[in-house]
Structures are given as C-alpha cells and as structure tokens.
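J.: Handing you a structure now.
The values are calculated or read from the model by the stated rules, or taken from the named source; none is laboratory data. Quick caveat: nothing in here was measured; it's all calculated off a predicted structure. Here the Cβ positions follow ideal geometry from the backbone for every residue, glycine too, while neighbour counts run over all protein chains shown.
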Amino acid sequence: MSHYLTFDIGTTALKSALISSEGRLLALHTSEYTLRAPHPDRAEMSPETYWRAAIEGARAVYVTAGAAPRALAAIGFSSQGQSFIPIDRAGRPLHDAIVWVDSRAQAIAEEWEAAWLSREEYRRISGYAWIPASLMLFKVAWLARHAPEAHRAWKFLCLPDYLIYRLTGETATDRVIAQFSGLFDLGTRGWEPRLLAAAGITEEQLPRIQEPGSVAGALLPGPAAELGVPPGVPVCVGANDQIVGAIGAGNVRPGIASETTGTALALVATTETRREGRGLCVGHHAVPGLSFAMAFANTSGIVLKWLRDLAAPSESYEAFLAGAAVVPPGCDGLTLLPHFAGRATPAFNPNARGAFAGLTLAHTRAHLARAILEACACVLQECIAEVGNQGTAVTRVRSLGGAARSDLWLQIKADLLGIPVERPVCSDAASLGAAILAAAGIGAFRSIHEAAEAWYRTATTFEPDGSRHAAYQEVYQRYSALYQKLYG
C-alpha cells in the first residue's frame, strides 16, 4: 500500500507524518526547536535547523510505522506563512530565517501606511484587512536598509519553498503561501509590481507560483539518501497551515468552517466568492474556484494555560477542567473578555486587554476556568458572525488543535453557536491536508475536493442543546456589552 510523507513547518516545531493511501495517520513525529532572538524585536532560526528536523522526522516516522520507503507516493507540505530565507545562487542562506513573529519591520509598515499604502488599497490587493508588519514584504524592505548583502539575494524563499529547493533543486511556491508573503496580488494571481518595487526586489528574485498540491520537482538522490527514501519521488507544493488544516478537516464546501483553538484562535470558512470584510483575511482557497475567509483572536487557549499555571501548574488540563463541567452555563454571572494581547476580529484593537467582570466571593476556580471556555466560544461566535456579514452562513464547525480533545469545550461551543461542532478522526489535520494536496497533485484523485471528501472522517459530533443555546445568548450579550463598555 502506498503512502505520503508530509512536513508541517510550525513556529516552534516541525511535524513529520506518514499518511496511508486511505487517509489514515500511520505515524507522527514532532521535532521541536527554539527561535533565536538576537534583539528584542527579532525572531530568527538557522535554515539548517528546519532541514535537520525534516530529516530526523522522516526517519522517525518510518521506524514508527514500519512502512516500506519504496511505497512512498509523494511528499507534501504545510507551513506557517510569512517566514522566509534569502539564498544565493549556490543555495547558501545569506541570512537566518526571519520568522513571522519577528517585529523588526514595524516602523516600515507604519511609514508606508502613513505615506502611500492605505488599508483600503492593501485590502483590495492582498486580502488583508489591516497592514501587518509580520509580512515578508516589510522585512525584505528592512533588509534593503540594514542588510544589503542579504537583500541582493538570488531568491527569497518561504520555509516550504526552501525545503522544496533542498529536496529538488527547484524554486517553487504555491499561490496561498505567496499570498501570505504580502507581495501577491489576488486580482492577477501574481507578484504585485508596485509592492516589489517598494521592497526593492524583482520578480526574478522570487520563486515561480504554482497551484497548491502540484508537483514542484523530483526528489534528488542526495536528499533521498538523507531521508531514507528512493530518489525520483514527486515533491509537491502545499499551502499555508491554516488552509491545509482546513482541507484536512474536509472544509472544502461553503457553509463549513474549521477552527483551531491553540495559543490563539483561527477560523477558516470556505466561501463561494472573495468578499473583503473588517477583521478578516480573505483569499483564494487551495481548492480551485473557491475562496476563504479567515478570522482571528490573538489569545484563546493560552488564557486557559495562564489560569492553570497560576492555580494548579501540576494538574493536567482534564483534571483542571473537571470542576468547570458542573458550573452552570453563564458561570453564575461571571464574564470574561479574553483579549489578553489585543483584539483581532471583528475590529482590530491592539489596546484591548483581558477582564473578568461580575466576580463574587461565591465564585471558585472552576467558575474562572469555565468563564474562559465560554469567552473563547463567544470569540468564535464573533468570528462566525463576521463571516456571515460577508454573505456566507456557517452551518457546521470542525474543531482542530489541542482544545478539540476537550468534550466540555466542544459542547460549550456547539451550545453557544447553535450549530454542530465536529471532532475529526485524524488528530493532525494539517498533515492529512498536506497528503490530500499531494495525492491530488500526482493524480491519485481527480481533484483536491474529491480527495478531501474521501479522506475526511468525523470521530464525534457535538449537537447543540436548545435550552442551553437560549441561556448562552444572554452570556454572549453580556460579553458584547462588557467589551462595548470598556472599549466602545
């Protein structure tokens, strides 16, 4: 039986996985790494770290699965967006990877916005409702001012593009990763000339843009030996991790949304057309002919970690939340704003902060914990409502990430939203999504849509309870009123 090797390049870890030709997760390995911060506003990583993590992970998953490397059908990718590496003509890095959380270009982004790049114009070009300094666009401009040798690079490659180059010798990217660089024009589906000029580079310094999942090249003998697999295997471009995760969650039809509650919260909704909205990032879906709308919260699951670490650092999350399960909906009047690091969707407010309201001496640790779960569900409702304002009604949510392991949290989400919330069978949607893209790319399926529909499976569906849904409308109203009272 054939299988797919996938790499999901995260901010603090690279996940390697083997996925069977039936869409089953055979093995998963996580290689952790630590970002370098040579200056308070910097976040960097040695390019070799990503390469070694991929080699380590590939070898580990084959040992775990006991799979035959000769049965490898293709290699696929999922990755954080915006992070990049400049290389010379020999493929040597001219600078460490500049990771998306790096904020060195904040002043340049603010300067451009004040001088010539309006939010309205940039939204039309890029799909971003704001002008984030995290984009590759602004950091390339920073290199022009502060590291001209790196700025004269032969190619600027995002992280999956760099690994694809090491594997195949080809410089290729996909149109979703290209969009998240900030240099891509959604209208023309190509690099935007004025933004390139502002960053001081040419189109020739960027990789060619391909369809997500398409074959970038064949695996070279040297890298194949390091991975422990045969040469000549197709290596496919992927997409941004949130979009790849959506594909792994079967989120390939309008009306379905996938949400990841991790440190932050991200919601991806599949839409028929691309319509800009406040607080949303919109763009072309990896599935041809469809679009996506993405909404965010800066803090969600990390707020629960904050409370657990303060109150009971030695307890598992399961034990910590046991008491929250018996607290009634609404937490006996306790309300939380979970904006511990500013607010994103539906309206950006970097000055928003977290706040508990309605505390009494009768409230317990369990009330505080449940208030966090309910507040994050309220944020999810805000995100879904904003997508709805753009013309797409979300009728089903598929939950990903660590929070999806909590039955209590998923039931709270279903009850508050009033729609079914599903937990997928595959615990790692991004790895499955990367394999789906690769399988479609090599022709194992007629389309990405067909592959996703064939491989996605639901483990558990949490149906909303009508009486609790009614009670949660008051909770949502309290939440909204508290934000308005504090921030207008």
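J.: Test Val101 against the stated conditions and say whether it is in contact (Cβ under 8 Å) with a residue 24 or more places away in the chain, of a type in the set (A, V, I, L, M, F, W, C), closer than 28 Å to Val215 by Cβ and in the same structural domain as Asp174 (by TED's automatic domain parsing). Lay out the reasoning, then the answer.
T.: Values: in contact (Cβ under 8 Å) with a residue 24 or more places away in the chain: yes; of a type in the set (A, V, I, L, M, F, W, C): yes; closer than 28 Å to Val215 by Cβ: no; in the same structural domain as Asp174 (by TED's automatic domain parsing): yes.
Criteria not met by Val101.
J.: Would it be correct to say that Ser406 is of a type in the set (Ser, Thr, Tyr), under 24 Å from the mean Cα position of the chain (by Cα), farther than 18 Å from Phe292 by Cβ and modelled with pLDDT under 95?
T.: Details: of a type in the set (Ser, Thr, Tyr): yes; under 24 Å from the mean Cα position of the chain (by Cα): yes; farther than 18 Å from Phe292 by Cβ: yes; modelled with pLDDT under 95: no.
Answer is no for this residue.
J.: Considering every residue within the range 448-456, establish whether at least one is under 30 Å from His367 (Cα atoms) and either touching a Leu at 6+ places or on another chain (Cβ under 6 Å) or surrounded by fewer than 24 Cβ atoms within 10 Å (Cβ to Cβ) (or both).
T.: Here is the first cut: in the range 448-456, the ones under 30 Å from His367 (Cα atoms) are none.
No.
J.: Let me ask you something else. Among the residues in the range 210-217, are any surrounded by 21 or more Cβ atoms within 10 Å (Cβ to Cβ), out of contact with any helix residue (DSSP H, G or I) (no Cβ under 7 Å at 6 or more places or on another chain), over 30 Å from Ala403 (Cβ atoms) and of a type in the set (A, V, I, L, M, F, W, C)?
T.: Taking every residue of the range 210-217 in turn, none turns out to be surrounded by 21 or more Cβ atoms within 10 Å (Cβ to Cβ), out of contact with any helix residue (DSSP H, G or I) (no Cβ under 7 Å at 6 or more places or on another chain), over 30 Å from Ala403 (Cβ atoms) and of a type in the set (A, V, I, L, M, F, W, C).
J.: Could you identify the single residue in Val244, Val268 that is surrounded by 23 or more Cβ atoms within 10 Å (Cβ to Cβ) and assigned to a strand (DSSP E or B)? Working first, answer last.
T.: Details: Val244 fails: assigned to a strand (DSSP E or B).
Every option except Val268 fails the conditions.
J.: Could you give every pair whose Cβ atoms fall below 7 Å, whose first residue belongs to the range 176-198 and is aromatic (Phe, Trp, Tyr), and whose second residue is assigned to a loop (DSSP other than H, G, I, E, B), counting only separations of at least 6 or pairs across chains?
T.: Partner pairs satisfying both residue conditions: Phe180/Gly81; Phe180/Gln82; Phe184/Glu192; Trp191/Leu183; Trp191/Leu206.
J.: Then there's this: Tell me which residues, restricted to the range 55-101, are exposed (fewer than 15 other Cβ atoms within 10 Å of the Cβ) and of a type in the set (Lys, Arg).
T.: Result: Arg70, Arg89, Arg92.
J.: Something else now. Output yes when any residue across the range 149-163 is hydroxyl-bearing (Ser, Thr, Tyr), assigned by TED's automatic domain parsing to the domain that holds Lys15 and outside any helix (DSSP H, G or I), and no when none is.
T.: At the first step, the residues of the range 149-163 found to be hydroxyl-bearing (Ser, Thr, Tyr) are 162.
So of that shortlist, the ones also assigned by TED's automatic domain parsing to the domain that holds Lys15 come out as 162.
When the remaining residues are screened for being outside any helix (DSSP H, G or I), the result is none.
No, because not a single residue in the range 149-163 is hydroxyl-bearing (Ser, Thr, Tyr), assigned by TED's automatic domain parsing to the domain that holds Lys15 and outside any helix (DSSP H, G or I).
J.: Quick check on the range 98-108. Is at least one of its residues among the small types (Gly, Ala, Ser), more than 22 Å from Gly10 (Cβ to Cβ) and modelled with pLDDT of 95 or more?
T.: Pass one, the range 98-108, residues among the small types (Gly, Ala, Ser): 103, 105, 107.
Restricting the remaining residues to those that are more than 22 Å from Gly10 (Cβ to Cβ) gives 107.
Remaining after also requiring modelled with pLDDT of 95 or more: 107.
Checked against the condition, which is being among the small types (Gly, Ala, Ser), more than 22 Å from Gly10 (Cβ to Cβ) and modelled with pLDDT of 95 or more, the range 98-108 yields at least one hit.
J.: I've got another one for you. Out of all the residues in the range 90-98, is one or more of a type in the set (Lys, Arg) and either on the phi > 0 side of the Ramachandran plot or within 25 Å of the chain's Cα centre (by Cα) (or both)?
T.: Initially, the range 90-98 is screened for residues of a type in the set (Lys, Arg), giving 92.
Add one more test, that the residue is either on the phi > 0 side of the Ramachandran plot or within 25 Å of the chain's Cα centre (by Cα) (or both), and what stays is none.
Scanning the range 90-98, I find no residue that is of a type in the set (Lys, Arg) and either on the phi > 0 side of the Ramachandran plot or within 25 Å of the chain's Cα centre (by Cα) (or both), so the answer is no.
J.: If a residue must be over 24 Å from Pro132 (Cα atoms) and in a helix (DSSP H, G or I), how many such residues does the range 168-182 contain? Outline the logic, then answer.
T.: Going through the range 168-182, the residues over 24 Å from Pro132 (Cα atoms) turn out to be 168-172.
From what is left, the residues that are in a helix (DSSP H, G or I) are 168.
Residues in the range 168-182 being over 24 Å from Pro132 (Cα atoms) and in a helix (DSSP H, G or I): 1 in total.
J.: Under 16 Å from Thr173 (Cβ atoms), surrounded by 16 or more Cβ atoms within 10 Å (Cβ to Cβ), assigned by TED's automatic domain parsing to the domain that holds Ala67 and out of contact with any strand residue (DSSP E or B) (no Cβ under 9 Å at 6 or more places or on another chain): does that describe Leu206? It would help to see each step written out before you state the result.
T.: Details: under 16 Å from Thr173 (Cβ atoms): yes; surrounded by 16 or more Cβ atoms within 10 Å (Cβ to Cβ): yes; assigned by TED's automatic domain parsing to the domain that holds Ala67: yes; out of contact with any strand residue (DSSP E or B) (no Cβ under 9 Å at 6 or more places or on another chain): no.
So Leu206 does not fit the description; no.
J.: Let me ask something else. Name the pairs: first residue in the range 433-457 and not assigned by TED's automatic domain parsing to the domain that holds Gln80, second residue surrounded by fewer than 18 Cβ atoms within 10 Å (Cβ to Cβ) and part of a helix (DSSP H, G or I), Cβ to Cβ under 7 Å, at least 6 apart or on different chains?
T.: Phe445/Ala454
J.: Counting just the residues of the range 401-447 that are within 16 Å of Ala246 (Cα to Cα) and of a type in the set (Ser, Thr, Tyr), which one comes out surrounded by the fewest Cβ atoms within 10 Å (Cβ to Cβ)?
T.: The selected residue is Ser447.
J.: Do the conditions hold for Arg423, that is, is it over 30 Å from Phe320 (Cβ atoms), outside the structural domain of Val235 (by TED's automatic domain parsing) and among the basic types (Lys, Arg)?
T.: Numbers: over 30 Å from Phe320 (Cβ atoms): no; outside the structural domain of Val235 (by TED's automatic domain parsing): yes; among the basic types (Lys, Arg): yes.
So Arg423 fails the test.
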